[in-house]
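Right, one structure below, let's go through it.
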Amino acid sequence: MQKILISALEPSSNIHLRELKKYLKNVEFIGIFEEDLGNPIYSPKEFAIMGFGDILGKISFFYNANKKMADLAMQADMALLMDASSFNIPLAKNIKRLDSKKPIIYYILPQVWAWKSWRAKKIEYYCDKLGAILPFETSFYKNKVSYVGHPLLDEIHYQKQSIAGEGIVFMPGSRRGEIKRIFPIFAQVAKKLIDKKKILIVPQCFENMNLESIYGEEINLFEISFNAHQSLYEAEFAFICSGTATLEAALIGTPFVLAYRARKLDFAIAKFFVKLSYIGLANIFYNALNGENPGRGKTKLHQEFIQDELSVKNLLEAYDKTDKEKFLIESDKIRRYLKHGSAKNIAEWIKLTLN
């Protein structure tokens with residue numbers, strides 16, 4: 001059986017990898033991925049960090065893991081790298097150093113359009129094919145790159161046709177640090193929405209855990225759901241922590257507001273390096289489809305409240321003032337902008353490479 005070295009450190013990358021695996025029946029995965037996809041040598045959880053300070057304590061681990069992965073690549077027919085550029089660009093370099101002819105596909109490219117644009121040259125130098133999931137990404141590379149579609153369009157099977165909905169969804173993130181900073185504010189908002197059904201989306205990785213130990217006693221204010229897509233589809237509105245979930249809501253057509261608060265030092269460092277007006281993917285795409293610089297334009301699909309702007313008052317005001325009809329129309333433009341899913345196209349690339 002042919003083998004592919006997989007480097008999928010992010011939870012979202014593993015979701016996309018599951019969709020891709022449907023098209024790759026007779027291929028064995030080796031490397032870094034979640035256990036239901038095969039027999040990894042590392043779990044993505046071992047690479048989880050939250051903020052710049054966490055990186056310092058794990059430098060030695062990252063270095064040794066990268067070396068071990070490059071050695072493992074020599075047993076594979078090719079390598080598939082997904083997101084996580086700080087690990088995967090050095091990995092690509094180390095693989096090519098050991099075998100310059102080992103094929104490498106980079107799927108889900110780093111956000112060179114937001115910061116550290118020099119990474120584009122390195123990725124092109126070490127990788128053989130680049131699968132862009134954002135239409136505007138291709139302009140940041142000279143060759144080897146193609147827009148393959150967006151993986152969420154493979155995975156989302158719901159799309160609103162009207163503004164009808166029942167209940168309000170709360171998504172305070174998947175990392176405990178995010179939850180600790182954002183959930184208490186969401187709980188205060190929930191208390192104000194007395195006559196509304198309130199649904200808390202809990203990440204599936206928490207399903208068998210004591211949720212009260214993660215969220216606190218105020219979790220009892222909410223109905224619990226582990227199905228984000230269905231709950232978003234059924235809801236009238238959502239309060240969402242920054243991340244992929246904001247784009248999921250936009251593609252489903254559920255109006256929402258982005259709410260985010262990072263540690264002060266992490267935010268200050270990020271703000272110094274990343275010069276964006278928006279952090280929500282839906283707003284970034286909305287800029288692009290309106291002919292503006294992605295993340296730096298004047299148009300926006302939804303409100304964003306970050307750091308000190310994140311308050312109960314601002315969230316409730318955004319809920320009251322959001323034009324749901326307009327959101328439904330404009331969010332559909334994002335779906336049409338992204339066109340189609342990506343798994344089938346990446347699978348075809350892999351099959352051609354292996355054959």
Notebook entry, point to check: Arranged by the count of other C-beta atoms within 10 angstrom, fewest first, what order do 10, 137 take?
Noted result: 10, 137
Next item on the list: Classify the stretch 1-139 as rounded, prolate or oblate, taking a ≥ b ≥ c as the square roots of the eigenvalues of its Cα gyration tensor: rounded when a/c is under 1.5, otherwise prolate if a/b is larger than b/c and oblate if not.
Entry: rounded
Notebook entry, point to check: Based on the Cα coordinates of the stretch 160-202, what is the per residue volume of their convex hull in Å³?
Noted result: 77
Note to self: Quick check on packing: order 326-332, 254-260 by the mean number of other C-beta atoms within 10 Å, highest mean leading.
What the structure shows: 254-260, 326-332
Next item on the list: Tell me which label goes with the value of mean projected area of the Cα convex hull in nm² computed from the coordinates here: [x] 20.5; [y] 18.9; [z] 17.3.
Entry: [z]
Note to self: Just to be sure I understand: of the beta bridges DSSP finds with both ends in the stretch 168-338, what percent are antiparallel, rounded to 5?
What the structure shows: 0
Note to self: Between residue 274 and residue 332, how high is the FRET efficiency from 1/(1 + (r/R0)^6) when r is the Cβ-Cβ distance and R₀ = 45 Å? Nearest 0.05.
What the structure shows: 0.95
Check: With a 10 Å Cβ neighbour count serving as the proxy for reagent exposure, in which order, fewest first, do 113, 118 appear?
Finding: 118, 113
Next item on the list: For n ≥ 4 DSSP H runs only, could you compute -39500 (n - 2.57) per run for the chain, divide by its residues and tell me the 222 nm figure to the nearest 500?
Entry: -12500 deg cm²/dmol
Item checked: Of all DSSP beta bridges in the chain, antiparallel share, percent nearest 5 -> 0
Next item on the list: Mind giving me the nanometre distance, one decimal, between the label points for residue 348 and residue 265, set 7 Å out from Cα along Cα→Cβ?
Entry: 4.8
Checklist line | Cα-based helix-to-principal-axis angle, 59-73 vs the chain, degrees rounded to 10 | finding: 50
Note to self: Which of the three applies to the stretch 256-333, rounded, prolate or oblate, going by the alpha-carbon gyration tensor with a ≥ b ≥ c and a/c under 1.5 meaning rounded?
What the structure shows: oblate
Next item on the list: Just report the Cα centroid separation between the stretch 166-223 and the stretch 83-161, whole Å.
Entry: 34
Note to self: For the stretch 138-288, compute Rg over Rh where Rg is the Cα radius of gyration and Rh is the Kirkwood radius from the inverse mean 1/r over Cα pairs.
What the structure shows: 1.00
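No value in this document is a laboratory result; all are computed from the given coordinates. Predicted, not measured: the structure shown is a model, and the values here were computed from it. Glycine also receives a Cβ, built like all others from the backbone with ideal geometry; neighbour counts cover every protein chain displayed.
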